[in-house]
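Report on the structure given below.
Just so you know, all these numbers are worked out from the coordinates, no wet-lab data involved. Here the structure is a predicted model, which means the values were calculated and not measured. Here Cβ is always computed from backbone atoms with ideal geometry, including for glycine, and neighbour counts include all displayed protein chains.
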């Protein structure tokens, strides 16, 4: 009888795909953690003279690695829900949401500055701001929804002109808010720490969104080299975080990284 052919491989493709996806997620999280830790690394390294800048950077990236892996996995899982925004007219819907967020940010900034200048009772100002924020969010949401429907029904040329005008106006408003934020942050140390927290949170969010892209879900080079890089980064970061002066500098200059850094060294 002819020799029988060897049995097929018993490793299921689902398991291989799962391992590759997990390795890719870890590799992407390591790259994203290194990226989002750059602004905080520059601030902290100037205060922690005992540690070199690369070690400070690796310490902050190691602290951000665990949350980054979780954020990428959660954002990948939420992709199915985000597909509801796809299809015909998705760009217009995204423009409407962006316009609403920009309008809300500018409106809340103006409202908060008015309350700060006219109200000296902090509890009353807080309650007024909360109710005003809810009303502003609802009103601007209705207005932006109406603008989106007008743009959808408008001719192509008018839609482009009106969209460009609204986009420029939103960018000017955001620039004005950003300048006010920089002026307030440069006033004292607590405001500077708060500004650094905002920058760090935005950097983390942008890096996580990039790492959760569908096109990067399964990449063999990242799956092979990403986990070893993450292990080295964790080892170097944990070693650097044993320096109390570095932990103190992180608490002062980059408080967004402080809880994860404390957990990393069990403090």
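The table for this structure:
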read-out	value
Footprinting exposure proxy for 150, 250 (fewest neighbouring C-beta atoms within 10 Å first)	150, 250
Residue exposure sequence - 220, 93, 253 - by fewest surrounding Cβ within 10 Å	220, 93, 253
Residues 144, 171, 36 arranged by fewest to most Cβ contacts within 10 Å	171, 144, 36
